[in-house]
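Working notes, structure below.
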Amino acid sequence: MPFDADQVRAAFPGRRVDFYEQTGSTMAVAAKVHEDRAVIIADAQTNGIGRYNRPWHSAPGDGLYFTVVLCTKPLPVLTMAIGLAVQEAIARYTGLIGINVNHESFPPELAELATSLYRESGRSWPREGLLIEVLRSIEAFLPLSQEAVLAAFTQQSSYVKGRRVAVELNGTEVRGTTAGLDPNGYLLLVDDYGRRHTILAGGVRPCS
């Protein structure tokens, strides 16, 4: 279904909402926008980039590809607040936890790792309504203090404490057990040799 950006605009009168049928990256477009709360949406991206400059699968008509311009809390607390907001919005809108929307299939390198609301529920979801819920949820989480965000993230994340995980640090895989968050919101890890690490960035995945 074509994306109806006017639904989003109607839900947030006076807010800048730019929609592109296709763009290289909503992040690249948003980098040139200096308007707080502006929303950049694309139906498809040709050069979407994730962590470590990995390609972001952005097929037309399937997902929500958007960037919100925020002039507020510093990272990493902002990252956590947004993650909590997205989780709450999806749970409220669909009863599921996820982020990809109507993807029925993924590239081979993602097929065993990625999922979507479609895969989990067996039905498609209106992307406009989900985006509206996400944006509203973001507004609710942004005023929270750093302490409140850290407490909420610790409570809701299954990875924060006592989970066996593997993480790549400086090109080397390190395995250990998560040990909570430091005061700045970074993940703490005690590796299999008893050494303590502060995870500033990196993909964390479960392991045995």
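The values are calculated or read from the model by the stated rules, or taken from the named source; none is laboratory data. A quick note: this is a predicted structure, and the numbers were derived from the prediction, not measured. In this analysis, Cβ positions are derived from the backbone assuming ideal geometry, glycine residues included, and neighbour counts consider all displayed protein chains.
Any idea which residue in the range 50-70 is surrounded by the fewest Cβ atoms within 10 Å (Cβ to Cβ), counting only those that are out of contact with any helix residue (DSSP H, G or I) (no Cβ under 9 Å at 6 or more places or on another chain) and closer than 23 Å to TYR186 by Cβ?
ASN53
From GLU168, GLU139, which residue is surrounded by fewer than 19 Cβ atoms within 10 Å (Cβ to Cβ), of a type in the set (D, E, K, R) and closer than 24 Å to PHE66 by Cα?
GLU139
Collect the residues in the range 187-208 that are more than 22 Å from ASN53 (Cβ to Cβ) and of a type in the set (Gly, Ala, Ser), keeping them in residue-number order.
From the range 187-208, those more than 22 Å from ASN53 (Cβ to Cβ) are 188-198, 206-208; that's our starting set.
Matches in the range 187-208: GLY194, SER208.
Anything in the range 162-198 that is at pLDDT below 90 and not in a loop (DSSP other than H, G, I, E, B)? List them, or say none.
GLU168, LEU169, THR172
Identify, by number, the condition in (1) farther than 15 Å from ILE90 by Cβ; (2) part of a loop (DSSP other than H, G, I, E, B) that TRP125 doesn't meet.
The failed condition is (1).
Is there any pair linking a residue in the range 138-151 that is assigned by TED's automatic domain parsing to the domain that holds PRO74 to one that is at pLDDT 90 or above and not in a helix (DSSP H, G or I), with Cβ under 7 Å and at least six apart or on different chains, and which?
Sorted first by the residue in the range 138-151, then by its partner, the pairs are ILE138/VAL68; LEU150/LEU181.
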